[in-house]
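J.: One structure, pasted below without further comment.
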Ligand SMILES: Nc1ncnc2c1ncn2[C@@H]1O[C@H](COP(=O)(O)OS(=O)(=O)O)[C@@H](OP(=O)(O)O)[C@H]1O
C-alpha cells in the first residue's frame with residue numbers, strides 16, 4: 001500500500017485532504033472523525049465540512065485558490081491540535097450542476113493543491129441512490145423530484161437503453177480504458193448528463209408544466225464510479241478508496257486507510273445527524289427494478305473492481321482489497337436484491 005502518511009502538509013493555504021465522494025457514502029462521519037482530531041480550518045472560522053471551492057472551477061485555478069484562502073489562510077499558527085486542512089465536498093467527483101465538459105475539475109485542483117490526498121468512500125450504488133433520493137426529498141430544494149425513486153430510476157433506465165445514449169454510455173464505461181491512462185471520460189460523463197437533463201425534462205414536460213427551472217438528478221450515472229475515479233487518478237497520485245459498507249461496519253478503519261495513528265479520543269467525535277432511520281414508501285424498490293439495476297451496474301462495477309486492483313498493485317490505498325468479501329469484490333454478496341427496510345407510510 002502506498003504510504004500516504006503523513007498526509008503531506010500542502011504548501012500554502014489549500015487542502016491537504018479532499019473528501020471528493022461519494023455523497024451518501026458516509027463522508028459526514030469521516031469528516032466528523034477527522035475534525036475531532038485535527039484543526040481543519042482557521043481558528044477564527046467556523047468548521048465547515050463542504051467548502052465547495054472547486055465549484056468555482058469555471059473561473060479558473062486562481063478563483064479556487066482564492067476561495068481556499070479564506071478558510072486556510074491563517075492555519076499556520078501554533079494551536080493545540082495538529083493541523084489538517086480538509087475540504088469534504090462529496091459530490092466533487094461528478095457535480096450535477098457546477099462543472100463543464102471541457103474542464104476537468106481534478107486537473108484544476110491539482111494545479112492548486114498538487115500534493116492533496118483524495119479520499120473516496122464508495123457505497124453500493126443502489127443503496128446510495130436510495131439514500132440520495134431520500135436526502136433530496138427531505139432537505140434539498142431546486143431539484144425536480146416529483147415521483148417515486150422507482151419512477152425516477154425507470155426514467156433513467158429508459159434513457160440509457162436508447163441507442164444514442166447507449167453509444168455514449170459504452171464510451172463512458174469503456175473497458176479498454178482500464179489498461180490505458182489517457183481516456184477522457186470526463187467528456188462523456190458531461191455529454192451523457194446533458195443529454196439526460198434534456199431528455200428527462202422533455203419527458204416530464206409532457207406530463208407537467210412546472211419542471212423547467214429545476215435540475216434533474218442522475219442517480220444511476222453518478223453511481224457508475226469507475227470513470228470518475230479514473231479521472232481523479234489521472235490528476236492525483238495520492239488517492240485512498242474505501243467501500244462505505246466496510247467503513248460503516250467499523251469507522252475506525254478510516255485511520256488505517258489514511259495511515260493516521262488513532263489517538264485516545266478518536267472515538268469521541270460527535271456523530272452527524274444525517275442518518276435516515278427509515279425510508280418512506282416513495283423510496284422503496286420492486287424486485288423487478290432491483291434486478292435490472294443489478295444488470296446495469298454489472299459492467300461499471302466490474303470495471304471498478306478491475307481498476308481498483310490495478311490501483312492496488314500501483315500502491316494506492318484500497319480498502320478492502322478487491323479480492324475480499326465486499327460489493328466491489330468478485331463475490332458481491334451485498335449486491336443481492338435489497339430487502340425493503342421498515343416502511344413508514346407518510
Ligand atoms: N457508521 C455508519 N453506519 C451506517 N450508516 C452510516 C454510518 N455513517 C454514515 N452512514 C450513512 O451514510 C449516509 C450519509 O452519508 P454522507 O454523510 O456522505 O451524506 S452527505 O452526502 O454528506 O449528505 C447515511 O445513509 P442513509 O441513512 O441511508 O441515508 C448514513 O446513515
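What follows is calculated from the coordinates using simple rules that are stated; it is not laboratory data. Just so you know, these numbers come straight off a predicted model, no measurement behind them. Positions of Cβ are backbone-derived with ideal geometry, glycine not excepted, and every protein chain shown enters the neighbour counts.
J.: Of the residues 179, 66, 259, which exhibits the maximal mean-square fluctuation in a Gaussian network model of the chain defined by a 10 Å Cα contact cut-off?
T.: Evaluated over the chain, the most mobile residue of the options is 179.
J.: Across bins of 5 angstrom width beginning at 0, how are the C-alpha pair distances of the stretch 247-313 distributed, in whole percent?
T.: Per 5 Å bin, starting at zero, the Cα-Cα P(r) for the stretch 247-313 comes out as 3, 11, 11, 13, 15, 16, 17, 10, 4, 0 percent.
J.: Still on this structure, please answer the following. Hey, with R₀ at 30 Å, roughly what FRET efficiency would residue 306 and residue 275 work out to, going by the Cβ-Cβ distance, to 0.05?
T.: Calculated value: 0.40.
J.: Quick one: give the max-minus-min coordinate of the C-alpha atoms of the stretch 37-164 along each principal axis, largest first, in Å.
T.: 56, 32, 26
J.: Given 0.36 nm per residue, what is the gain on full extension from residue 256 to residue 82 after removing their alpha carbon distance, in nm?
T.: Gain on stretching residue 256 to residue 82: 60.8 nm.
J.: Pulled fully out, how much extra length does the chain show between residue 198 and residue 69, if you take 0.36 nm times their separation in residues and subtract their Cα-Cα distance?
T.: Contour length minus Cα-Cα distance gives 42.8 nm.
J.: Could you tell me the largest-minus-smallest coordinate of the C-alpha atoms of the stretch 122-189 on each of the three principal axes, in descending order and whole angstroms?
T.: Projected onto its principal axes, the Cα set of the stretch 122-189 covers 41, 28, 22 Å.
J.: Report, please, the projected area of the stretch 101-226 averaged over directions, based on the convex hull of its C-alpha atoms, in nm². Let's see the in-between values first.
T.: On the way: hull surface 37.5 nm².
Result: a mean projected hull area of 9.4 nm².
J.: While we're here: Once the Cβ-Cβ distance between residue 284 and residue 166 is put in as r, and R0 is 45 Å, what FRET efficiency do you end up with, to the nearest 0.05?
T.: With a Förster radius of 45 Å, E is 0.95.
J.: Let me ask you something else. Once the piece of chain linking residue 176 and residue 268 is laid out straight, how much longer is it, given 0.36 nm per residue of separation minus the C-alpha distance between them?
T.: Contour length minus Cα-Cα distance gives 28.6 nm.
J.: Related question: If you project the alpha carbons of the chain onto their three principal axes, what span does each projection cover, largest first, in Å?
T.: 60, 45, 41
J.: Hey, another quick one. For the chain, set up a GNM with springs between Cα atoms under 10 Å and report which of 277, 122, 257 has the largest fluctuation.
T.: Result for the chain, Cα springs under 10 Å: 277 fluctuates most.
J.: Under the rule of -39500 (n - 2.57) per DSSP H run of 4 or more residues, summed and divided by the residues of the chain, what mean residue ellipticity at 222 nm is obtained, to the nearest 500 deg cm²/dmol?
T.: When only DSSP H runs of four or more count, the value is -13000 deg cm²/dmol.
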